[in-house]
Amino acid sequence: MLKKLLIATSLLLMAQANAEITIQITEGGAKRTPVAVVPFGWEGQSSDAPLDVSALISADLYRSGRFDPLPEGDMLQKPTTGADIDFDDWSILGVEAVVVGKVMQTGANAYMVQFQLFDPLRQTQLVAYRMPASRGTIRHVSHRLADMIYEKLTGIKGVFATKVAFVTAERNSSGSVYRLVVADQDGENENVVMESKDPIMSPAWSPDSRRLAYVSFEGNKSSIWVQTLRTGNRINVSSKPGINGAPSFSPDGRKLAITLGGVDGNLDIYVLDINAREFKRLTTNRAIDTEGSWSPDGKHIYFTSDRSGGPQIYRMSANGGTPERVTFEGSYNARPRLSEDGKKLAMVHNDRGNYRIAVMDLARKDLLVLSTGNQDESPSFAPNSDILIYATRTGRNGVLESVSADGLIRQKLESGQGDVREPVWSPFPRF
Amino acid sequence: MSNLKLIAVLLATLSLTACGGSDTIPDPDPTDTVYDDSASGADTGGYDDGSMGEGEFFEDDLSGGELTNIIYFEFDSSELRDDDQELVSRHAMQLANNPSATVRLEGHADERGSREYNIGLGERRSQTVRRMLLIQGATSSQIQTVSFGEERPAALGSSEEDYSLNRRVEIKYIN
């Protein structure tokens, strides 16, 4: 049985769907900075570069909501190196930053991608960088370059090279199909990493982005799995009687905070040492204690508990001990997620009858409601702490939205895959 | 499928009751509703000595013999409604009379709010039914619980009526 499942998952790993998510910016409250990404040069054997790198960088910058790339037709010159730039040609167009670059072939399947970023008003170079690439990596490399440009211009780390995992549910005549999907942050490169006729829930990234933990209901009981994305191999880390749920990786990647219910159904937070398979119980309250989530420094676990009546968010030491209540505003606050800088806490908040995404500033203790639906759920911070992704509803289907932490820039990620839910943003890629 | 099994279990219960209601007679196979020993070859005679068996009260199941196996709950509640107390009692009796029968109690929640918290709410409902079954004679080894939270809705819409159909526990006989 297990072997069969393993084969099935590894086959699915290779089944790459066409990009079915299209991104549409629905609110761009922030002022867009005019920039120019000049078409990149190509020095190679074939007629075209393996990827239109400048188009990808331009699309990334536009999608961020903070930049307005100049159309190619409005450009007065198309230099590919800094030496060829006439700064007056760009400052006259009101452009505040110019990106030039080129792709050079260095082997049969080897390329060097380079760019330079200039401030045409001060006539200075802000950064020059090059990275090797292959046909398989050039898209990712280009997103990394876009990240560098974004960070140089905004002071905020870019997240164009990150990924998003989410769950889809599709109903057909013979039942339901649940899929765990990983896609690039721009919706491209979708991969189904797990497929089941039984529900899949609560995906969680490992800190190194290489594994996903999730809950599966295969066999009509809940179990927690950790799957390595590259190989598709997965291990069952918890299948106790009753509920096995809500996995969340510790910042060192060695442990999971999980929820176990046991035979008597008293949901409590446990910490599971993944390699040693040791379970340590952290809460014992008769109430529902679930949705444990680590603080980025690994010292605390935030969780949902209805020990006071309705669900509220609490915080305790990662070693256990007496929890302290964190949320007091409103009758329903659940599913806590910390930003990577440790300063903000995202949650599902009942706002006058609507379930919406809210963010609490942990220093000021104030709550900002960021979403506008009535059934919004599963908030997850991008690793730059500046953007959140969450699930909302369009008609009967779940769709994904992202919003900047100040609420000004909102994007809807449309998918052709039926009901999409539980998006989780990957950490920064590591090399 | 599960309905067929339920009928089989019911029939087994009835056949036990029909042969005297004694709980000392082991049922060789709870799904085997007809027991025929004529193959032994022996043939015995007998006569009516006028003795009578014990009488008993019985309930006429007006729904046609099959117990409903879905129990619905109010918003944000895991309390059994008064109307459902008797239904759960009858499932408990069925389990008590058939020690080899086992059930899976599948708890569900409506879609509002957080998914993992809804798993907790579904489990609370399963546990309410489980405790009632245990108090009334079922044993813990006969009962499994699972909560699907909002993951397996019975009704797909987002109206109050849909929500009320989704807040439920399904009692599933699994052998």
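The values are calculated or read from the model by the stated rules, or taken from the named source; none is laboratory data. Quick caveat, the model's predicted, so the values are computed rather than measured. Cβ coordinates were reconstructed from backbone atoms using ideal geometry, including for glycine residues, and neighbour counts include every protein chain displayed. Only protein heavy atoms, including side chains, enter the accessible area calculation; ligands, DNA and RNA are left aside. Shrake-Rupley method; radii C 1.70, N 1.55, O 1.52, S 1.80 Å.
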In square nanometres and to one decimal, what's the mean projected area of the convex hull around the Cα atoms of segment A:48-167? 8.5
Give the whole-number value, in cubic angstrom per residue, of the convex hull volume spanned by the C-alpha atoms of segment A:97-168. 98
A:Asn220 and A:Asp48 label points (each 7 Å along its Cα→Cβ direction) are spaced in nm at 5.3
Per-residue mean of C-beta atoms belonging to partner chains within 10 Å, peptide B:144-155: 5
How large is ³J(HN,Hα), in whole Hz, for each residue of segment A:199-204 in order, when computed from phi with the Karplus curve 6.51 cos²θ - 1.76 cosθ + 1.60 and θ = phi - 60°, using x for Gly and Pro? x, 10, 9, 6, x, 9
Filtering trypsin sites (Lys or Arg not before Pro) in segment A:65-122 by DSSP loop and by at most 12 other Cβ atoms within 10 Å leaves A:Arg122
How much accessible area per residue does segment A:143-237 have, in Å², with a 1.4 Å probe? 34
Chymotrypsin sites (Phe, Trp or Tyr not before Pro) within segment B:64-133: DSSP coil, no more than 13 neighbouring Cβ in 10 Å: B:Phe75
Within segment A:21-149: Cβ-based charge dipole about Cα centre, in debye rounded to nearest 20 (Lys, Arg +1; Asp, Glu -1): 480
For segment A:221-305, what's the relative contact order in percent, using C-alpha pairs closer than 8 Å and at least 6 residues apart? 21
Can you pull the mean other chain C-beta count within 10 Å for peptide A:243-250? 3
Residues hit by the 20 Å² burial cutoff in segment A:177-217, accessible area with a 1.4 Å probe, assembly against chain on its own, are A:Tyr178, A:Pro199, A:Met201, A:Phe217
Packing-wise, with mean Cβ within 10 Å as the measure, how do A:40-50, B:137-147 rank, highest first? B:137-147, A:40-50
For n ≥ 4 DSSP H runs only, could you compute -39500 (n - 2.57) per run for chain A, divide by its residues and tell me the 222 nm figure to the nearest 500? -3500 deg cm²/dmol
Ellipsoid equivalent to segment A:81-131 - semi-axes via the Cα gyration tensor, in Å: 26, 10, 7
In whole percent, what relative contact order does chain A give with Cα contacts below 8 Å and a gap of six or more residues? 13
Report P(r) for segment B:62-175: all Cα-Cα distances, bin width 10 Å, range 0 to the bin holding the largest distance, values in whole percent. 15, 47, 30, 8, 0
What list of ³J(HN,Hα) couplings, whole Hz, do you get for segment A:225-239 from phi and the Karplus terms 6.51, -1.76, 1.60, once you set θ to phi - 60° and write x for glycine and proline? 10, 10, 10, 7, 5, 5, 9, x, 5, 9, 10, 7, 9, 7, 9
Using just the Cα positions, wrap segment A:151-205 in a convex hull and report its mean projected area in square nanometres, one decimal place. 4.9
Taking only the C-alpha atoms, wrap a convex hull around segment A:231-319 and report its volume per residue in Å³ as a whole number. 101
Treating the beta-carbon of each Lys and Arg as +1 and of each Asp and Glu as -1, no other charges, what is the dipole magnitude of segment A:127-237 about its Cα centre, to the nearest 20 debye? 300
Roughly how many nanometres apart are two label points built 7 Å out from the Cα toward the Cβ at A:Arg430 and A:Asn189? 1.8
Base-10 log of normalised Debye intensity for chain A (one unit scatterer per alpha-carbon) at q = 0.07, 0.08 Å⁻¹: -0.37, -0.49
Taking all pairs of distinct Cα atoms, average 1/r, flip it, and tell me the Kirkwood hydrodynamic radius of segment A:267-423 in Å to one decimal place. 16.2
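Work out how much length A:Val263 to A:Thr106 would gain on full extension: take 0.36 nm times their residue separation and subtract the Cα-Cα distance, in nm to one decimal.
In short, 50.3 nm is gained.
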With eigenvalues of the C-alpha gyration tensor scaled by 5 and rooted, segment A:337-391, Å: 19, 13, 7
Among the aspartates and glutamates, select those whose C-alpha is under 14 Å from the C-alpha of A:Lys343, and discard any that sit fewer than 8 residues away in the same chain. A:Asp297, A:Asp361, A:Asp366, A:Asp386, A:Asp406
With the crude spin-label approximation of a point 7 Å out along Cα→Cβ, what separation in nm comes out for A:Leu408 versus A:Ala83? 4.0
In segment A:357-431 the accessible area split gives carbon plus sulfur, as whole percent at 1.4 Å, a share of 49
Within segment A:145-234, which GluC sites (Glu not before Pro) sit in a loop by DSSP and count at most 16 neighbouring Cβ atoms inside 10 Å? A:Glu188
Rounding to the nearest 20 debye, state how big the charge dipole of chain A is about its Cα centre with +1 on each Lys and Arg Cβ and -1 on each Asp and Glu Cβ. 1620
